Amino acid sequence: MRVPVVDLARRAAALEPELSAAIARVVDRGVFLLGPETEAFEEEFAAYCGRRHAVAVASGAEALRLALRAMGVGPGDEVIVPALTAVPTAAAVVGAGATPVLVDVTADTAVLDPAAAAAAVTDRTRAVVPVHLYGRRAPLPALGLPVLEDAAQAHGATDPTAPSAAAAYSFYPTKNLGGIGDGGAVVTDDADLADLVRRLRNHDRGDDYDHALVTGNARLSEIEAAALRVGLRRLPADTARRREVAAAYRAAAPDLWWPPDDPHHVYHLCVTRVADREAWRAARPFDTGIHYSRALTHQTGYLPYVRAACPEAEAWAAETVSLPCFPEITDDEIEAVCRGLQ
Ligand SMILES: Cc1ncc(COP(=O)(O)O)c(C=O)c1O
């Protein structure tokens, strides 16, 4: 069997029997939303991130959108985002009513280029959203503007002392902390911001059924929260394994292109760059992925937001290759990939 890029069936099996027990506990209790599992998960995840508050929401995309709204971002505002990222980073800005400004990334690390971000600031810029892409800790541009970290791919990679307003996480099943469905969280030291996200995620339903804010439903289910608590207990060991995998590949193929090593990297994805990508992938005896094959500047829906080409993001999109990297990969499979890289 070819080594896959990721294997969620193995992941689910690795979480048993705790996963089934957690689901059964929720079913037996009969509390399915905004109950004790969500509360406990929020406390545990905030502690893991080294921040005071975590607010669980329905997805990473909603975490970004609601955090932006809670930060006061709205119509007429501009928000700087990197041009190489998962599309939801920019979609959340549009969802908050604002305009995403697409900015180039660095050639060596694929994260928002602080100098390019500084050059993109206008008198309408209200926030900056650096993305910790692939699990690499991105520098936070010091522009005197509120920063929302997109940490969807970076559980455990963020700096708990960094001066950001908040960080948005995704618990999409393939993420380093992945659920058994959709989920996300806004993590912050700011109690007011956390309270506002709590109101925004649940129709702003006050005790007396008055709804002061017009919002919607972005709740996380109790079953999901219970499953995430199981995954969170394994996350440090899972991250250590991902780092081992990446280190093995880098050591086995020193002549391949690699980004600079970083001890904070949590290797959501282990990527290399190859100029003749499709021929190279076709010759590998293992599976590979591409994250992402288009920069935002080449995404049809986002063309109206393009102000300038982003050559580094576009070069990454043309060359990036994701290698098999997941905690349950076996030693034999790692060896097979190492051989196939040579
Ligand atoms: C960088 C980034 N931001 C945002 C998201 C959105 O997360 P979700 O799919 O949970 O909405 C994802 C994942 O898809 C992501 O990788």
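Taking Thr85 as the residue in question, decide whether it is part of a loop (DSSP other than H, G, I, E, B) and either of a type in the set (Gly, Ala, Ser) or crowded, with 20+ Cβ neighbours inside 10 Å (or both). The answer is yes for Thr85. Of all the residues that make up the stretch 179-209, how many are touching a strand residue (DSSP E or B) at 6+ places or on another chain (Cβ under 8 Å), more than 16 Å from the ligand (Cβ to nearest atom), closer than 16 Å to Ala63 by Cβ and outside any loop (DSSP other than H, G, I, E, B)? Summing the residues that are touching a strand residue (DSSP E or B) at 6+ places or on another chain (Cβ under 8 Å), more than 16 Å from the ligand (Cβ to nearest atom), closer than 16 Å to Ala63 by Cβ and outside any loop (DSSP other than H, G, I, E, B) in the stretch 179-209 gives 5. When the stretch 156-190 is examined, which residues are found to be within 10 Å of the chain's Cα centre (by Cα) and among the polar types (S, T, N, Q)? Across the stretch 156-190, the qualifying residues are Ser170, Asn176. Residues that are within 15 Å of the ligand (Cβ to nearest atom) and either at positive phi or not in a strand (DSSP E or B) (or both) within the stretch 137-155 comprise Arg137, Ala138, Ala151, Ala152, Gln153, Ala154, His155, listed in sequence order.
Got a sec? Which of Leu34, Leu64 is aliphatic (A, V, I, L, M) and in contact with a helix residue (DSSP H, G or I) (Cβ under 6 Å, 6 or more places away or on another chain)? Steps first, answer last, please.
On the way: Leu34 fails: in contact with a helix residue (DSSP H, G or I) (Cβ under 6 Å, 6 or more places away or on another chain).
On inspection, the qualifying residue turns out to be Leu64.
Residue count for the stretch 88-111 under the criterion of being assigned to a loop (DSSP other than H, G, I, E, B), of a type in the set (A, V, I, L, M) and over 13 Å from Ala313 (Cβ atoms): the result is 2.
Scanning the stretch 15-26 turns up one or more residues that are assigned to a loop (DSSP other than H, G, I, E, B) and over 21 Å from Thr188 (Cα atoms).
All told, Tyr134 falls short of being closer than 19 Å to Leu193 by Cα and either open to solvent by less than 10 Å² (accessible area, probe 1.4 Å) or within 13 Å of the ligand (Cβ to nearest atom) (or both). Taken over the stretch 300-342, residues that are over 23 Å from Ala117 (Cα atoms) and aromatic (Phe, Trp, Tyr) amount to 1.
Restricted to the stretch 158-176, and to residues that are among the aliphatic types (A, V, I, L, M) and surrounded by 23 or more Cβ atoms within 10 Å (Cβ to Cβ), which residue is nearest to Ala22 (Cα to Cα)? So that I can check it myself, show each step before the final result.
Here is the first cut: in the stretch 158-176, the ones among the aliphatic types (A, V, I, L, M) are 162, 165-168.
Now restrict to residues that are surrounded by 23 or more Cβ atoms within 10 Å (Cβ to Cβ): 166-168.
On the way: Ala166: 29, Ala167: 27, Ala168: 25 Å.
Ranking the qualifying residues of the stretch 158-176, first place goes to Ala168.
Checking each residue in the stretch 145-156 for being touching a residue at least 24 places away in the same chain (Cβ under 8 Å) and surrounded by fewer than 24 Cβ atoms within 10 Å (Cβ to Cβ) picks out Leu145, Pro146, Gly156. Residues that are part of a loop (DSSP other than H, G, I, E, B) and aliphatic (A, V, I, L, M) were ranked within the stretch 294-337; the one that is most open to solvent (accessible area, probe 1.4 Å) is Ala309. Consider Ala218 carefully, then state whether it is within 16 Å of the ligand (Cβ to nearest atom), open to solvent by less than 10 Å² (accessible area, probe 1.4 Å) and either basic (Lys, Arg) or under 19 Å from the mean Cα position of the chain (by Cα) (or both). Answer is yes for this residue. Scanning the stretch 59-106 for residues that are near the ligand (Cβ under 10 Å from one of its atoms) and of a type in the set (Asp, Glu) yields one hit, Glu62.
The values are calculated or read from the model by the stated rules, or taken from the named source; none is laboratory data. In this text, all values refer to a predicted model and were calculated from it rather than measured experimentally. Here Cβ is always computed from backbone atoms with ideal geometry, including for glycine, and neighbour counts include all displayed protein chains. The area values use the complete protein model at the heavy-atom level, side chains included, leaving out ligands, DNA and RNA. Shrake-Rupley method; radii C 1.70, N 1.55, O 1.52, S 1.80 Å.
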